[in-house]
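One structure is given below, encoded as structure tokens.
Coordinate-derived values only; no laboratory data. Here the structure is a predicted model, which means the values were calculated and not measured. Because the Cβ atoms are built from the backbone with ideal geometry, glycine has one as well, and the counts that use them run over all protein chains shown.
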Amino acid sequence: MKKIICLVLLLFLLSLVACSSESGEPEDADAMSKATEDRYDEMEIKEYKGFKLDPSVGPRDNSIQGIQTVDINSYTLKVVGLVKQDITMSYEDVIALPSYEKLITLYCVEGWDATVLWKGVLLKDIINPAAAEKTANTVIFHCVDGYTTSMPLDDIIDNNIILAYSSNNITLPPSLGYPFIVVAEDKLGYKWARWVNEIELSDDEEYKGYWEERGYDNEADVSRK
Ligand SMILES: Nc1nc2c(c(=O)[nH]1)N[C@H]1C(S)=C(S)[C@@H](COP(=O)(O)O)O[C@H]1N2
Ligand SMILES: [Mo]
């Protein structure tokens, strides 16, 4: 008799477990909203080594000229300015360089942030073959939409700053700067140049890009961390 009761109990418990795992929708408080869910590209990964990733396409766009569409066949990336040798690279040339992956959060001054798995190449691997002059201390990024922003050359070299062509394992979407975005880790969003097509070496430490010229801090360090 005891055995039968145990068996019935066991079957009951097993059915409970089965039901709860079938019940589908997660119920935790921070379950993703349908709107957020919809922004993920079908192929995009949503989690990396236990970290939740944000959809790589943000909730809105406020680029100075809207989202740019770049024709990859005519696209070139140039390295110019205080260099011994100007360089022009195609998209294929850039992505043939050794690749690096980084899980980094972008913080915009507007108060939103996005944690994304970025994959790209080291900016120094692009700059080094051009051989920067000794006087060069600043890197100015020029973009297809006329946007510019800058970073100290040492920052880029010492922190292994990458130029990304992939976000969350998919090709960088146009909204994020296809073909390339500067993953300016530890810097506010306006340092993350998108649709980059020219890298200029300069000795103007005071250079002010589009938003910097309009009053935003040139260091742009992310303070909340
Ligand atoms: N080429 C280009 N890059 C740009 C911008 C832009 O307008 N043009 N906006 C910057 C700003 S202010 C932010 S916060 C990040 C993310 O842009 P988003 O706010 O439009 O998503 O891209 C940065 N890079
Ligand atoms: Mo921004």
Give me the number: length gained by fully extending residue 43 to residue 223, i.e. 0.36 nm times residue separation minus the C-alpha to C-alpha distance, one decimal in nm. 61.5 nm
Normalised per residue, the volume of the convex hull around the Cα set of region 45-214 (Å³): 110 Å³
Could you sort out which of 49/191; 46/208; 49/124; 78/134; 124/187 sit more than 24 Å apart by Cα distance in this structure? 49/191; 46/208; 49/124
Per DSSP, loop trypsin sites (Lys or Arg not before Pro) in region 42-126 with at most 16 further Cβ within 10 Å: 46, 49, 60, 84
Charge tally for neighbours of residue 87 with beta carbon under 12 Å away, counting Lys, Arg as +1 and Asp, Glu as -1, is -3
With unit charges on the beta carbons (Lys and Arg positive, Asp and Glu negative) and the dipole taken about the Cα centre of region 45-214, which residue among 168, 148, 188 sits farthest to the positive side? 168
Identify the trypsin sites (Lys or Arg not before Pro) of region 182-217 meeting these criteria: DSSP loop state and at most 16 other C-beta atoms within 10 Å of the C-beta. 208, 214
Given H placed 1.01 Å from N in the peptide plane, which residues other than close sequence neighbours of residue 203 have an amide H under 5 Å from its amide H? 137
